[in-house]
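What follows is a structure written as structure tokens; I'll ask about it next.
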Amino acid sequence: MKAAIDYYPSRTGQQASLGARQDEIVYNTNKEESPIAYELIEQYQEQGYLLLDTLFSAQEIEHFRKAAQRMLKDDHLKQQAEVITEPESGDIRSIFKVHSISPAFKMLASDHRLVRLAEYILNDQVYIHQSRLNFKPGFRGKEFYWHSDFETWHVEDGMPNMRALSMSITLTENHELNGPLMLIPGSHKDYVVCAGGTPPRHFQKSLKKQEYGVPSDEALTELISRNGITTVTGKPGSVTIFDCNTMHGSNGNITPYPRSNVFLVYNAISNRVVAPYCQHPPRPEYIASRKTITPVTAKNHRIEDYAHCR
């Protein structure tokens with residue numbers, strides 16, 4: 001497959017720098033069609049993220065937590081490539097492609113509260129580019145260093161443009177002490193070009209600890225000096241929506257309080273991936289959907305539907 005024009009080159013031998021975003025942020029300009037208060041859409045446009053408190057009920061979250069626990073106890077699943085462990089402790093760090101593995105998370109991915117918002121912001125049908133269940137266990141949960149998802153999705157997966165977003169659904173309380181998501185407001189308006197290259201099969205190490213595609217200290221200092229850092233905290237059931245290019249990360253967790261979140265990445269159908277821009281073979285399908293791209297249909301699930309998921 002021939003790669004499309006590279007509007008966002010990175011890791012091609014150039015020096016680290018800040019470049020201008022060349023894509024829209026909110027693709028739908030019709031305020032009347034917004035599924036949420038338009039003031040929140042304006043916040044997303046300006047800050048690159050928004051938080052919807054307790055969008056899901058305690059009952060719904062309990063079903064998701066049970067689904068997560070079933071996956072953690074599945075010895076067969078632990079041997080699969082979709083499961084990423086911590087580099088030192090061996091604890092489960094992430095489970096990829098959860099919307100295909102778990103019936104409960106498949107239903108969650110099609111929930112109308114998520115899908116219709118993604119469709120509005122991206123002004124297109126959407127599909128799941130990536131899904132994962134992130135665990136940050138107490139005492140030994142490691143950090144996720146600062147990064148723009150789009151830089152990796154562009155370079156290593158071949159995502160052409162910034163027409164994707166992430167939704168993080170909290171399964172446990174995220175507070176200031178247990179390594180919550182941190183975001184740099186306004187950082188989505190700049191593209192951070194990273195130095196260096198991309199080693200073959202980089203994903204085998206980067207999912208445990210990323211060393212390439214990491215922004216420079218100078219770029220991070222510049223972005224943070226403008227608008228600071230926001231720590232996203234919230235009760236179970238809260239949803240954080242952030243642009244694919246918003247710089248984010250999280251500290252380690254040395255408290256007794258574990259943290260777990262479900263990440264769903266919605267990409268516009270018109271923005272489906274092409275050949276990777278790093279000249280290496282694509283990452284596996286469980287990390288980035290390439291062969292199986294099906295528009296998600298928004299559904300209004302009942303609580304009883306989740307109760308029957310096993």
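The values are calculated or read from the model by the stated rules, or taken from the named source; none is laboratory data. Quick caveat, the model's predicted, so the values are computed rather than measured. Positions of Cβ are generated from backbone atoms using ideal geometry, with glycine treated the same way; all protein chains shown enter the neighbour counts. Protein only, heavy atoms only, side chains kept; ligands, DNA and RNA dropped before computing areas. Shrake-Rupley method; radii C 1.70, N 1.55, O 1.52, S 1.80 Å.
In segment 38-59, which residues are open to solvent by less than 70 Å² (accessible area, probe 1.4 Å) and more than 21 Å from the chain's Cα centre (by Cα)?
Those that are open to solvent by less than 70 Å² (accessible area, probe 1.4 Å) and more than 21 Å from the chain's Cα centre (by Cα): Tyr38, Ser57.
Quick test of your reading of the structure: Glu176 fulfils all but one of (1) open to solvent by 10 Å² or more (accessible area, probe 1.4 Å); (2) in contact (Cβ under 8 Å) with a residue 60 or more places away in the chain. Name the failing condition by number.
(2)
In segment 125-159, which residue that is of a type outside the set (S, T, N, Q) and within 13 Å of Arg290 (Cβ to Cβ) is surrounded by the most Cβ atoms within 10 Å (Cβ to Cβ)?
Step one: filter segment 125-159 for residues of a type outside the set (S, T, N, Q), giving 126-129, 132-133, 135-147, 149-151, 153-159.
Still in the running and within 13 Å of Arg290 (Cβ to Cβ): 127-129, 153, 156-159.
On the way: Tyr127: 21, Ile128: 23, His129: 26, Trp153: 26, Glu156: 25, Asp157: 25, Gly158: 22, Met159: 28.
Here the residue is Met159.
Just a yes or no: is a residue in segment 102-109 in contact with a strand residue (DSSP E or B) (Cβ under 6 Å, 6 or more places away or on another chain), modelled with pLDDT of 95 or more and either among the basic types (Lys, Arg) or part of a helix (DSSP H, G or I) (or both)?
Yes: segment 102-109 contains one or more residues that are in contact with a strand residue (DSSP E or B) (Cβ under 6 Å, 6 or more places away or on another chain), modelled with pLDDT of 95 or more and either among the basic types (Lys, Arg) or part of a helix (DSSP H, G or I) (or both).
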